[in-house]
Amino acid sequence: MKPIEQISWSFWRGIAGSVLLVTVAIFVWLAPRGFEYTDESFYLLSLTSWREISSSPTLFGVVLGGPFELLGQSIVVFRLAGMFALLCSSAYMARAALRFAAAGRRSAEPGLDGFVVLVVMGTAMQFYTVFGVLRVPSYNLLALCALMFATGAMLGLSAAQRAGEAYFLRAVIYGVALGLCAAGKVSTALLGSLLHLVYFGLLLRGPRPVAIGKAAIGAVLGFALVAGAVLVLQPKAAAILSMGLSLSRIVDDRYGPASLVNLLRWDVQRQVSEYWFVPVGLLALAAAQRWWPGRIAAWVYRAVFAACLLASVAAQTSSAWSHLWLLLAALGLLWSFAPAERCSSTTDARGRSVEEASLPFLLMSLPLAFSFGTNGRVLAHCEAAAAPAMLGVCLIAMTAYRQGRMGRGGAALCLLLLALPAVVGQWRLIADLSANYRQRVPLGAQQLEVHVGPAGSRLLVDEATSSAIQSLQVAASKAGFKSGTAVQDFTGDGAGIVFILGGRPLAAAWMSGGYPGAEAAASKLLSGVDKQALANAWLISSEDNPRSIPNWHGILEQRLGQGSHELAATVEIRSPYDWVRDSPGTWRVALWRPARPSPR
């Protein structure tokens, strides 16, 4: 048996491929299972009704609605398509980074690049560990895939600058990727492009006005192509996005710029106070390296590197994890103070090329660009975009391997650990209820067939969800509801009910309740809806749902007067999840039909 250090990279590549294959296999097996009433149903309504809605904080429905229709509005197929896009974009980014980092060096060892690419693809599946059952392609997935593709295109653009090949075309491709990212999440596109611009500026060798001009014109042209296509598909896209962002700030003031900065600051402070020993230990190591150069032996470097990865993986696989910053801070400091080889005539203070020294930091900062703008814990949300950061970790490990500070087997084992959380995350969805977002039964136990949505997409769900879906569909049918009818939901989280019935949201895919500004947002949204359209729409309400829109009767009467709608049916269903402690176990859902065709 060969010593571990003598095992070829081709062997480790096969191991990494096997780990990725297991992760993908579990995802494929779970793809038909589960129906989520809130976030994922919001995605689905955005995809099926992007032509009709007048308010949305994202335009991903305009971009992905067409492909969803081409795939027959099959939820299962579209979930699989999203996974495929995620793997392809992460592989493209990894290949571009490896080619860029290897410029000017001898060819890599056989199997090494393939091993790194497969590891990065495995870490990309961490997206589904963070979002759990939310597997339908959404604004988050579109933004992440486009951000990774844009990063790869930017690195390709930099390489083309050096080689003088297809420079303008690559700039156009970068602009297209950035435009798609903006359609998903504007904040991600803004921060991502800023990070790319800073890094691209570092790569320029002296004043290069022609190169900068070509890159800028090409990127703007590519962005304009996407913007033009979006406006052709949806001429009111700008107004829809503006209204959606405005309502988001009204519903929840945590979406404001100052609040977002504070959320990030509080999250960092909370974790620094809890894990104070990590930065203290790393600063001590850095000081030792600074004052006693050469005294920090290679085995210390290896031990710290392995300990960082082991601690991170252990935290990820045990519970919901927001410690990505610990890993990145640890390895970033280690990278900054470690000895390095000379790779270029343009080097930093430690003899590294500017490209080599700064590329890992660019990649490690991209998760923050992806997550800034969420109304939750930013650092926890960053874990969904772990792939770029883990690529940065891989580049650090590969440099340490080339310099002899890490052996082949040690580096391979450390990097294989990075792909482990995604496997465990998918496995937990099978039987661990705590890993299943807003589900009453783990995905692995959901076996009953139902058909939902305008196209009757087939899914497997648990018994209570199946009963609720069938009860809603039967009651609506008896009351005269037809698929494709406009519906205004007042339950606060009834996007899933609207989709189950095959309805078409009147103004927004999800009028969210349960937040301080929900009533004000609902009033503003409906004030812009045509009276006749509102009068002819069906309504859904639930008085015992804790997220129900407050005073929805008053909002409706203010627009239409009294008696505009009549009760058509009442259905009692099990509540899909608990919004607050002591939430009711069942909801009484009321369906209201128009009492007259138009207002007086």
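Can you give me the C-alpha center-to-center distance between region 451-516 and region 531-600, rounded to a whole angstrom? Computed from Cα coordinates, the inter-centre distance equals 13 Å. For LYS478, the lysines whose Cα comes closer than 30 Å to its Cα, not counting residues fewer than 8 places off in the same chain, are LYS531. Let a ≥ b ≥ c be the square roots of the eigenvalues of the Cα gyration tensor of region 9-84; is it rounded (a/c under 1.5), or, if not, prolate (a/b larger than b/c) or oblate? Judged from the Cα gyration tensor, region 9-84 comes out prolate (a/c at least 1.5, a/b above b/c).
Split the accessible area of region 1-71 by element, probe 1.4 Å, and carbon with sulfur accounts for 68%. The packing ranking, built from the mean of other Cβ atoms within 10 Å per residue, places the peptides 127-134, 214-221 in the order 127-134, 214-221, highest first.
Summing Lys and Arg as +1 and Asp and Glu as -1 over all other residues whose Cβ lies under 9 Å from the Cβ of ALA486 gives a net charge of 0. Highest-first packing order for the peptide set 39-46, 581-588 is 39-46, 581-588, based on the mean count of other beta carbon atoms within 10 Å.
When DSSP beta bridges are restricted to pairs lying wholly in region 448-600, around 75% turn out antiparallel.
Its relative contact order, with pairs defined as Cα atoms under 8 Å and 6+ residues apart, puts region 351-491 at 11 percent.
Residue ranges 463-472, 91-100 sort as 91-100, 463-472 when ordered by packing (mean number of other C-beta atoms within 10 Å per residue, highest first). Rolling a 1.4 Å probe over the heavy atoms of the protein chains gives region 120-238 an accessible area of 39 Å² per residue. Using equal-weight Cα scatterers in the Debye expression, the normalised intensity of region 59-135 in log10 at q = 0.17 Å⁻¹ is -0.77. Computed over protein heavy atoms with a 1.4 Å probe, the carbon and sulfur contribution to the accessible area of region 447-600 reaches 46%.
Could you let me know the centre-to-centre spacing of region 1-50 and region 120-162, using Cα atoms, in angstrom? Their Cα centres are 14 Å away from one another. For LYS524, the lysines whose Cα falls under 27 Å of its own Cα, not counting residues fewer than eight places away in the same chain, are LYS185, LYS236. Could you compute the net charge surrounding TRP510? Neighbours are other residues with a C-beta less than 9 Å from the C-beta of TRP510; K and R count +1, D and E count -1. So the surrounding residues net to -3.
The values are calculated or read from the model by the stated rules, or taken from the named source; none is laboratory data. All values reported here derive from a predicted model rather than from experimental measurement. All Cβ positions, even for glycine, are placed from backbone atoms using ideal geometry, and neighbour counts span all protein chains on display. Protein only, heavy atoms only, side chains kept; ligands, DNA and RNA dropped before computing areas. Shrake-Rupley method; radii C 1.70, N 1.55, O 1.52, S 1.80 Å.
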